[in-house]
Amino acid sequence: MIPARSQLRPGLTVDIVQKHHQRGGQLTRGVVAQLLTSSATHPHGIKVRLTSGEVGRVQALVTSESERP
């Protein structure tokens, strides 16, 4: 399930899909720097900017459990 804006905040680790990777669904992992979508939800995910400068829509929150192999 795609997280809502209320579940996101700067400093959280997330998996995003960047615009140029939408068709293939390639995910990029990073730390949220800024929330860019103002609405509470979005069907394709809340748009964020990562600390690396990459921009994309959040597909999942990364928890310590989901980082395990």
Kindly provide the set of residues from segment 10-53 that are under 8 Å from the mean Cα position of the chain (by Cα) and more than 21 Å from SER64 (Cβ to Cβ), ordered by number.
VAL17, GLY45, ILE46, LYS47
With the condition kept exactly as written, say whether any residue in segment 38-45 is among the polar types (S, T, N, Q), modelled with pLDDT of 95 or more and touching a strand residue (DSSP E or B) at 6+ places or on another chain (Cβ under 7 Å).
no
Meets criteria (among the β-branched types (Val, Ile, Thr) and in contact with a Ser or Thr (Cβ under 7 Å, 6 or more places away or on another chain)) for ILE2
no
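The values are calculated or read from the model by the stated rules, or taken from the named source; none is laboratory data. This one's a predicted model, so the numbers in the text were calculated from it and none came from an experiment. Note that we place each Cβ from the backbone using ideal geometry, even for glycine, and neighbour counts take in every protein chain shown.
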